[in-house]
Amino acid sequence: MGLEPLRVLGRAAPHPDRSTISTRTIRGYRGSGGLQLRVLLVEDEVGIGEGVRLALMNDGHAVDLVGNGLEALRWAESYPYELAILDVVLPGLDGFGVCDHLRSSGFQSPILILTALDGVDDRVAGLDRGADDYLAKPFAMAELRARVRALGRRVGPDRAALIRVADLELDPATLGTTRAGRAIKLTAREFALLELLARHPGQLFNQDRLLDALWSADFVAESNIVEVYIHSLRRKLDERGRESLIETVRGYGYRVRADVGAGG
Ligand code: CA
């Protein structure tokens with residue numbers, strides 16, 4: 001594409017053009033249960049874009065909002081998105097063009113096309129170009145959220161299954177968490193972090209990898225956000241005086257230990 005890569009130093013990814021819709025940090029995920037996704041949202045109408053972003057973030061998803069089709073391709077090259085939501089009429093490159101480029105560059109996550117065009121031809125055009133779903137504007141936010149949930153289930157059907165590591169049990173469908181039978185209340189974001197680690201017991205995750213998977217790009221400046229969440233998880237999960245379920249490997253990152261249990 002001849003586009004400059006976003007990634008300059010480590011994970012540093014300055015927003016390439018602040019004239020488009022910028023991302024903004026929103027704290028306090030409420031999470032409504034279900035699967036959390038890293039979402040690329042491409043929408044140039046600020047009101048709609050911000051509305052969708054807030055609704056999805058409230059469901060626990062990490063959402064990057066971009067207002068230009070060409071920029072969307074750069075973001076997609078830089079972060080492992082699990083879902084792309086594309087408006088059709090966009091500056092730079094239209095949503096069908098973005099869809100084409102994403103698919104031809106190997107983007108395998110679901111794509112939802114969001115547009116005012118409601119003709120059958122447009123719908124067919126979107127699906128022909130590799131989109132998975134189509135929602136006509138104006139739409140009810142509840143319907144968009146339901147579509148996102150449905151597409152999220154498609155991302156990984158196995159993600160809906162129970163996860164067990166040592167004496168920890170996670171239910172992604174309800175965010176239910178127990179350790180040695182004791183129920184633990186986690187926020188959607190804490191759950192998403194623990195879920196990622198617990199799906200790969202013993203495997204090391206460095207901070208960049210965790211950030212890329214679970215946080216939208218606006219968290220770049222908060223370099224200790226992962227540390228903060230790990231600390232919070234340990235406080236909730238571990239009993240005083242016992243080894244932590246989450247191990248810190250100095251200078252590298254974190255992993256969930258499969259060999260830490262109630263008995264040992
Ligand atoms: Ca538009």
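Read-outs throughout are calculated quantities, based only on the coordinates presented, and are distinct from any laboratory measurement. In this text, all values refer to a predicted model and were calculated from it rather than measured experimentally. Cβ: placed from backbone, ideal geometry, glycine included. Neighbour counts: every protein chain shown.
The table for this structure:
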{"read-out": "Ranking of F191, F139, F107 by count of other Cβ atoms within 10 Å, fewest first", "value": "F139, F107, F191"}
{"read-out": "Residue order, fewest to most beta carbons within 10 Å, for T174, T248", "value": "T174, T248"}
{"read-out": "Among L197, A180, L237 the positive-end extreme of the charge dipole of the range 163-256 (Cβ point charges)", "value": "A180"}
